[in-house]
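No lab work stands behind these numbers, since they all come straight from the coordinates. Here the structure is a predicted model, which means the values were calculated and not measured. Positions of Cβ are backbone-derived with ideal geometry, glycine not excepted, and every protein chain shown enters the neighbour counts.
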Amino acid sequence: MAIRTRMSGNEATAHAIRQINPDVMPAFPITPSTEIPQYVSSMIANGEIDTEFIPVESEHSAMSAAIGASAAGARTLTATSSAGLALMWEVVYVAASSRVPLVMAVVNRGLTGPLNINAEHSDSMGARDSGWIQIYGENNQEAYDNMLQAFRIAEHENVHLPVMICQDGFITSHAVENINLLEDAPVKQFVGDYEPEHFMLNEKEPMAVGPYAVSGYCMEAKKAQAEAMIRAKQVILDVAKEFEAMSGRSYGLFEEYQMEDAEYAIVAIGSVCGTAKDAIDRLRTQGVKAGLIKVRVFRPFPGEELAEALRNVKAVAIMDRCESYSAQGGPLGAELTAAMYRAQLSAKTVNIVYGLSGRDVRVEDLEQVYADLKQMAEGGKTFAQYPYLGLRER
């Protein structure tokens, strides 16, 4: 039975962690993810869970401790944001290449400078090639649901890769929304017990984790890691199907909204998609065939599937909440444009950078994006290489 309540995104994530009851959580506080370890440590103190909380001196230490705990056979979780993720950089790669199935809640916040604590995807997108699975949520409900699915994906025998569960800092992490929680018993059954096949504390199987690999062996390890990421796509879908049977809530690699007959589409990640849905609802009453694709899973990137979903549209705006400084746009724009090219799509595209450092995006802003797409499709408008939405200009 669903439990109807109100929670912030951080609180919803912590509630999911309580229901999962991981063995170990090393963490270091950083805005706006601080509340997650704070909630968990309170739950431990109150006897609600028996997780071993490890207070550490930095985020680098938090990830190092998480790798050690996971390698030892413990179900392990941590949380961070922004510069905290950047400080983990070295060991974020070690976690993926060591194939430890730990989970990290990432509350997305811009990297400095200038110093800013608001929503941006530059932190997790900066780690997009580190070998971690990345799953993003639009709202508090999805932050909760995604966390419940994370360990099932990470620990699957065909995967064994770490998972980032991402949500937009302050926009969802601190805002309170209505949410449907699941009861503890079905969640416990769904997540299951962690019984690793190989782990460092198994005295019957001496092993090393993260050893030095000479040139004659390292490339094969990288290929095996890449194959695991490819296999993760089907595992994510399979776990989502099981989750739907339990919760009634459906998830895939991405969500399509009003795409059945859409001529003009926005492709985006995270909380802005709720704003886009409101814009689409308004435009549909005016006869504009607007649609949205909300990317949930960025790693593994569902390029072929996204291209197929966009096959019949006339114009597409690919929206990035971070800047790659490539002089070409953002990471979603780069990867989706390449996928559309390989699929030989004829739709006109523009990559739009938006919402940097928490800059507001209004329904009216996205209505204008759709109007621009319509003009672009009809040949009456051209865009700069990659425009900034809502930029204050002289």
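How about Lys381: which lysines have a C-alpha closer than 30 Å to its C-alpha, ignoring those fewer than 8 places off in the same chain?
Lys277, Lys289, Lys294, Lys314, Lys348
Around Phe53, which amide H atoms from residues at least 5 apart in sequence, or from another chain, sit under 5 Å from its own amide H, with H modelled in the peptide plane?
Sorted by chain and number, the residues that satisfy this are Met25.
Give me the angle, in degrees from 0 to 90, between the Cα long axis of helix 215-247 and the longest principal axis of the Cα atoms of the chain, rounded to the nearest 10.
80 degrees
Kindly express, to the nearest 10 degrees and within the range 0 to 90, the angle between helix 59-71's C-alpha long axis and the longest C-alpha principal axis of the chain.
Roughly 60 degrees between the two axes.
Return the long-range amide H neighbours of Val267 (sequence gap of 5 or more, or a different chain), with a cut-off of under 5 Å between placed amide H atoms.
Close amide H contacts, sequence-distant or interchain: Ile293, Ala317, Ile318, Met319.
Determine, for Arg18, Arg362, Arg4, the number of other Cβ atoms within 10 Å of each Cβ, and report the residues in order from fewest to most.
So the residues, fewest neighbours to most, are Arg4, Arg362, Arg18.
Just to be sure I understand: of the beta bridges DSSP finds with both ends in the stretch 254-377, what percent are antiparallel, rounded to 5?
20 percent
Report the calculated FRET efficiency for Asp129 and Ala343 (r = Cβ-Cβ distance, R0 = 25 Å), to the nearest 0.05.
0.65
If you fit an axis through the alpha-carbon atoms of helix 9-20 and take the longest principal axis of the Cα set of the chain, what angle between them do you get, 0 to 90°, nearest 10?
Approximately 40 degrees, to the nearest 10.
What is the Cα centroid distance between the stretch 212-251 and the stretch 145-180, reported in whole angstrom?
Using only Cα atoms, the two centres lie 15 Å from each other.
So what's the gap between the Cα centers of the stretch 317-363 and the stretch 106-131, to the nearest angstrom?
Spelled out, the Cα-based centre of one part sits 16 Å from the other.
Can you run phi through the Karplus equation (6.51, -1.76, 1.60; θ = phi - 60°) for the stretch 255-269 and list ³J(HN,Hα) in whole Hz, with x for Gly and Pro?
Here the 3J(HN,Hα) series is 10, 9, 10, 6, 9, 4, 10, 5, 9, 10, 10, 9, 10, 8, 10 Hz.
Mind ordering 279-288, 235-244 by average Cβ neighbours within 10 Å, highest first?
235-244, 279-288
How many nm separate the modelled label positions at Glu177 and Tyr388, each set 7 Å beyond the Cα in the direction of the Cβ?
My value for the distance between the label points is 2.8 nm.
For the residue pair Glu378 and Ser250, what label-to-label distance in nm results when each label sits 7 Å from Cα along the Cα-to-beta-carbon direction?
3.4 nm
Can you give the calculated 222 nm mean residue ellipticity of the chain, where each DSSP H run of n ≥ 4 adds -39,500 (n - 2.57) and the sum is split over every residue, rounded to the nearest 500 deg cm²/dmol?
That calculation yields -12500 deg cm²/dmol at 222 nm.
Sequence neighbours fewer than 8 away in the same chain don't count; with that in mind, list the aspartates and glutamates whose C-alpha is under 20 Å from Lys241.
Those aspartates and glutamates meeting the cut-off are Glu138, Glu142, Asp145, Glu155, Glu157, Glu183, Asp184, Asp193, Glu255, Glu256, Glu305.
Using Cβ contacts closer than 10 Å as the measure, can you line up Glu256, Glu35 from fewest to most?
With the sparsest Cβ surroundings first, the list reads Glu256, Glu35.
Please name which of Met104, Ile67, Gly131 has its Cα lying farthest along the dipole of the stretch 3-247 towards the positive end, using unit charges on Cβ (Lys, Arg +1; Asp, Glu -1) and the Cα centre as origin.
Value: Gly131.
Starting from 0.36 nm per residue, how many nanometres of slack lie between Ser326 and Lys204 once their C-alpha separation is accounted for?
Gain in length upon complete extension: 38.9 nm.
Rounding to the nearest 20 debye, state how big the charge dipole of the stretch 133-212 is about its Cα centre with +1 on each Lys and Arg Cβ and -1 on each Asp and Glu Cβ.
140 debye
Antiparallel as a % of all DSSP beta bridges within the chain, to the nearest 5?
Approximately 25 percent, going by the DSSP bridge assignments.
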